[in-house]
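The structure appears right after this line, and notes come after that.
The values are calculated or read from the model by the stated rules, or taken from the named source; none is laboratory data. Just so we're clear, the structure is a prediction, and the values are computed from it rather than from any experiment. Note: ideal-geometry Cβ built from the backbone for every residue, glycine included; neighbour counts use all protein chains shown. We work out accessible area using only protein heavy atoms, side chains counted, and drop any ligands, DNA or RNA first. Shrake-Rupley method; radii C 1.70, N 1.55, O 1.52, S 1.80 Å.
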Amino acid sequence: MDPNLSPANNKSINPEKNAAINPKVNWNISPEHNATLNPDTNASINPIIVNDLNPNKNKMLNPMYHNELHPQNPNWEGLFVFDIDDELMGYVSSASQNVILYFDRSYKWLGYFVRSGKGTYNFYNTNDQWTGQFGCYDGITGFNFFEKGGEWKGVHVK
């Protein structure tokens, strides 16, 4: 793995070292502090209301109907999810410009991210419930995955 892609080695993509990509410090990228990024206050980014953003209502986004979106497909193209120790923990597939599917290491579909703003994504489970978790672009090549409240556990997508 390229060490420049690891937040442990590259301070510019580590939210604990770079305030611009840390939602606890930069409220512009926090759905808890920025109403335009929060699906509870912005209906245009809420997949319960907007069917085009919901893989359960839009078969074109659903990996169970379109297996090219599933990481077990030999022609799959996507990114990898790593934990704080840079160990593989899952996969993501871009279903559209606004929807990214998330799978665990065993290829189980866990849910999906919906674009909420430039470089920010809210995470929904497969039951279409917003978990409060979200992703923020790291400024280089992927994004960091934050828990509700903006807590970063080291999970990053590359």
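Roughly how far apart, in whole Å, are the Cα centres of segment 1-65 and segment 90-129?
9 Å
Going by average Cβ density within 10 Å per residue, which order do the peptides 111-122, 3-14 take, highest to lowest?
111-122, 3-14
Mind grabbing the accessible area of D128 for me, 1.4 Å probe, Å², rounded to tens?
Solvent-accessible area, nearest 10 Å²: 20 Å².
On a 22 Å Cα-Cα criterion, which of the cross-link pairs K17/K148; K57/K108; K57/K148 come out too long?
Listed pairs above 22 Å: K57/K148.
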